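Heads up, the thing below is written out as structure tokens.
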Amino acid sequence: MVTLPSLISLVIGNDVQLTKEKYKIETKNLDLSVFIEADRFFYGMFTEDHTMVAVSNPQGVPIDELYEVVDNGLNFRQINLIVSGEVLHLSENLAVKTPITDILEPLNGSAYNFDKLIDQRAESHYFINPLLNHWIEAEKNSIIVNHISSLMAEYLYPSPVPKVFAIISSPFLYIQISDQNGLRFYNKYFCENPSDFLYYLTADFEINGLDPERQSLELAGRISENDEILIHLRQYFKNIYFSEPMMLKADKSISLPSRHFYMDLYLGFICGS
């Protein structure tokens, strides 16, 4: 075991505190998963046997503290970065003919990246913001970058019948629909109130010709049985269930509300490698 050499955010109960040389943790054999949203991020550290040994709080960490976690001099087996910005899903042939830069309009200094989805009809094309890209280029740890939609598609594949998977990271909603050909539909929404989650999911079911009375809806993310969002959804969708990643375990020092709670981070660990 080695002592953390510099600042890192670790969870104590429900509070994230910056600590120095207080916790001992061996990181060189751990995977660090980091899910980055517009103004915050979430992270978790995993052992090879799928045990989460450190995790950020459910509300996330302010984005300006990102580099205190990922750029702290620690050595990880691998860092899995999960981005969630604008994305285009295109076939390999169509991507060559599409002016991706003109459509997504990235910031100056952004880096183009794409995720190849094995045996699926589309690839994920997106840009990494300049600051994050600069850190990636300078980082000595092994880093894999994936878009959240790619991880959701890999998780659902293969799908002999249509599958609908939604990650709730309020105020954001990520929706993925896959079928026998792989990724069929993806979108991300900003929801101002609980009823917005119902509105967008209902609209996407209708667009894709899915019957909410019959089609199952798998939910993951920071949502519980008593959440007001779920109360709204159950009024319309008759077959809702939570993700249940059976191999995911939590260290005894971590209070894991449910296995689906940090599914986004776990997908980075199991699908990003």
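For the range 139-152, the count of residues that are modelled with pLDDT of 95 or more, open to solvent by 20 Å² or more (accessible area, probe 1.4 Å) and not β-branched (Val, Ile, Thr) is nonzero. Residue pairs whose Cβ atoms lie under 9 Å apart, separated by 6 or more positions or on different chains, with the first residue in the range 57-73 and buried (at least 17 other Cβ atoms within 10 Å of the Cβ) and the second assigned to a helix (DSSP H, G or I), are Val61/Glu68; Val61/Val69; Leu66/Leu131; Leu66/Leu132; Leu66/Trp135; Val70/Trp135.
Over 16 Å from the mean Cα position of the chain (by Cα), open to solvent by 30 Å² or more (accessible area, probe 1.4 Å), farther than 24 Å from His89 by Cβ and modelled with pLDDT under 95: is that true of Ser195 in this structure?
Values: over 16 Å from the mean Cα position of the chain (by Cα): yes; open to solvent by 30 Å² or more (accessible area, probe 1.4 Å): yes; farther than 24 Å from His89 by Cβ: yes; modelled with pLDDT under 95: no.
The answer is no for Ser195.
Residues in the range 1-42 that are at pLDDT 55 or above, outside any strand (DSSP E or B) and open to solvent by 20 Å² or more (accessible area, probe 1.4 Å): Ile25, Glu26, Lys28, Asn29, Ala38, Asp39.
Looking for something in contact (Cβ under 8 Å) with a residue 12 or more places away in the chain, within 23 Å of Glu37 (Cβ to Cβ) and charged (D, E, K, R) - is there at least one such residue anywhere in the range 119-126? Looking through the range 119-126, at least one residue is in contact (Cβ under 8 Å) with a residue 12 or more places away in the chain, within 23 Å of Glu37 (Cβ to Cβ) and charged (D, E, K, R). Entry remark, the range 43-56: residues being within 19 Å of Ile144 (Cβ to Cβ) and open to solvent by 20 Å² or more (accessible area, probe 1.4 Å) number 3 in total.
Considering only residues that are within 22 Å of Ile177 (Cα to Cα) and in contact with a strand residue (DSSP E or B) (Cβ under 6 Å, 6 or more places away or on another chain), which ones fall in the range 118-143?
Start the filter on the range 118-143 by keeping residues that are within 22 Å of Ile177 (Cα to Cα), which leaves 118-126.
Matches in the range 118-143: Gln120, Arg121, Ala122, Glu123, Ser124, His125, Tyr126.
Here is a check on your reading of the model: is Gly182 open to solvent by 50 Å² or more (accessible area, probe 1.4 Å), in contact (Cβ under 8 Å) with a residue 24 or more places away in the chain and over 30 Å from Thr27 (Cα atoms)?
Spelling it out, it is not the case that Gly182 is open to solvent by 50 Å² or more (accessible area, probe 1.4 Å), in contact (Cβ under 8 Å) with a residue 24 or more places away in the chain and over 30 Å from Thr27 (Cα atoms).
Counting residues in the range 96-112 that are in contact with a helix residue (DSSP H, G or I) (Cβ under 8 Å, 6 or more places away or on another chain), of a type in the set (Phe, Trp, Tyr), without any contact (Cβ under 8 Å) to a residue 24 or more places away in the chain and over 30 Å from Ser195 (Cα atoms) gives one or more.
Determine if the range 60-75 includes at least one residue that is part of a strand (DSSP E or B) and of a type in the set (A, V, I, L, M, F, W, C). Yes - at least one qualifying residue is present in the range 60-75. If the condition is being among the aliphatic types (A, V, I, L, M) and open to solvent by less than 20 Å² (accessible area, probe 1.4 Å), then the range 209-237 contributes Leu217, Leu219, Ala220, Ile223, Ile229, Leu230, Leu233.
The values are calculated or read from the model by the stated rules, or taken from the named source; none is laboratory data. Quantities reported herein were computed from a predicted structural model and do not represent experimental measurements. Heads up, the Cβs are rebuilt from the backbone with ideal geometry, glycines too, and the neighbour counts pull from every protein chain shown. Accessible surface areas use protein heavy atoms only, side chains included; no ligands, DNA or RNA. Shrake-Rupley method; radii C 1.70, N 1.55, O 1.52, S 1.80 Å.
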